[in-house]
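Asks: Can you keep this structure in mind? I'll have questions shortly.
The values are calculated or read from the model by the stated rules, or taken from the named source; none is laboratory data. These figures come from a predicted structure and were not determined experimentally. Backbone-built Cβ (ideal geometry, glycine too); neighbour counts: all protein chains shown. Remember, those area values only see protein heavy atoms, side chains included, never the ligands or the DNA or RNA. Shrake-Rupley method; radii C 1.70, N 1.55, O 1.52, S 1.80 Å.
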Amino acid sequence: MAQQDQGGFAQQEKGGGVVLFVVRPARASSAFLAATVLLGALFGLPALAVLLNPRRHDVISLAAAFCALLVLAGAALAFRRARRGRGERRIRVEPGGITLPERHVPWPAVRDLRVEQPAAERQPAIGIYGLAANVAAQQRAAEARLLIDCAESAEPLLVAGGVGAAVAERLREAILRLRP
C-alpha cells in the first residue's frame, strides 16, 4: 500500500517570543473512504430495491432491508468520522501560554502535553479481511492527537488532531522548546 499523508505543521516567528503553529491534518485515507462508499452501495442499493417494490414487503425481506440500512448507516458514520476535524488549525505559543482556537491556557496551568494514538490492532487476517484490516490501519495511522492536560480541568484539551504519531510528537517537542 502507498504511504499515507501524515499531515504536518509550519512554524512562524511573530516576534516577542510569539510563535504561530499552523497544523495541517492528514487527508482521510482515500482507500478507507472508497471502502465506506462501496460498503454503503453494496448494502444500500438492495435495501432500496426491497423498499421500493411493494411485492417484496414480506417480513423476511423487510428485516433484511432493515439490517442492510443499519450497515449503510454504519458506513455513513465511518465516512463522516474519517473526514471530521481535518481542517487547518492555528496554535499560538507565547511566553504567557498556549492559545488554542477555543481558549488560552497559561503555562502554569499546563500539567502535561501528550500524544495520544489510537489503540494498536491485532495482526490482520489473510484474504479480504486482511485487506480490510490494512485499509482500517492506514486510516488509524493518521489519527494521533496532541492533548494538553490542564491543572484546572479533568478533560484534556485538543491541541491538534488527525495527524500521524511522528508529526504529533514533533509538534509536541517544538511547543515544549518554547515553554519558559
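Asks: Using only the alpha-carbon atoms, how far is helix 165-177 inclined from the longest principal axis of the chain? Give it as 0 to 90 degrees, nearest 10.
Replies: It is inclined by approximately 20 degrees.
Asks: What percentages make up the Cα-Cα pair-distance distribution of segment 36-116 when the bins are 10 Å wide from 0?
Replies: With 10 Å bins starting at 0, P(r) equals 16, 27, 15, 13, 14, 11, 4, 0.
Asks: With all protein chains present, how much of the accessible area of the chain (probe radius 1.4 Å) comes from carbon and sulfur, to the nearest whole percent?
Replies: Reported share for carbon and sulfur atoms: 60 percent.
Asks: Another question, if that's okay. To the nearest 0.05, what FRET efficiency results for residue 70 and residue 30 with a Förster distance of 22 Å applied to their C-beta separation?
Replies: On the way: r = 25 Å, r/R0 = 1.15.
Here the calculated transfer efficiency is 0.30.
Asks: Going by average Cβ neighbours within 10 Å, how do the peptides 110-118, 151-159 rank, with the highest at the top?
Replies: 110-118, 151-159
Asks: So, one more: Cβ neighbours within 10 Å, averaged per peptide: list 168-174, 45-51 in order, most packed at the top.
Replies: Final packing ranking: 168-174, 45-51.
Asks: Between residue 53 and residue 37, what length in nm is gained on full extension when 0.36 nm per residue of separation is reduced by their alpha carbon distance?
Replies: 3.4 nm
Asks: Over the chain, with a Gaussian network built from C-alpha contacts below 10 Å, which listed residue (126, 148, 98) shows the highest mean-square fluctuation?
Replies: Highest fluctuation of the listed residues: 126.
Asks: What FRET efficiency comes out for the pair residue 45/residue 116, r = Cβ-Cβ distance, R0 = 45 Å, nearest 0.05?
Replies: Step by step, r from the Cβ atoms, then E = 0.75.
Asks: So for the chain, Kirkwood radius off the Cα pairs, Stokes-Einstein at 10 °C and 1.306 mPa s: how many µm² s⁻¹? Walk me through the intermediate numbers first.
Replies: Values: Rh = 18.9 Å.
Rounded, D is 84 µm²/s.
Asks: Take the alpha-carbon positions of segment 6-67, form their convex hull, and give its projected area averaged over all directions (one quarter of the hull surface) in nm².
Replies: 6.9 nm²
Asks: May I ask you to compute the full-extension gain from residue 152 to residue 169, defined as 0.36 nm times their residue separation minus their alpha-carbon distance, rounded to one decimal in nm?
Replies: Contour length minus the Cα-Cα distance gives 3.7 nm.
Asks: May I ask you to give the solvent-accessible area per residue for the chain, in square angstrom, as obtained with a 1.4 angstrom probe?
Replies: Per residue, the chain has 60 Å² of solvent-accessible surface.
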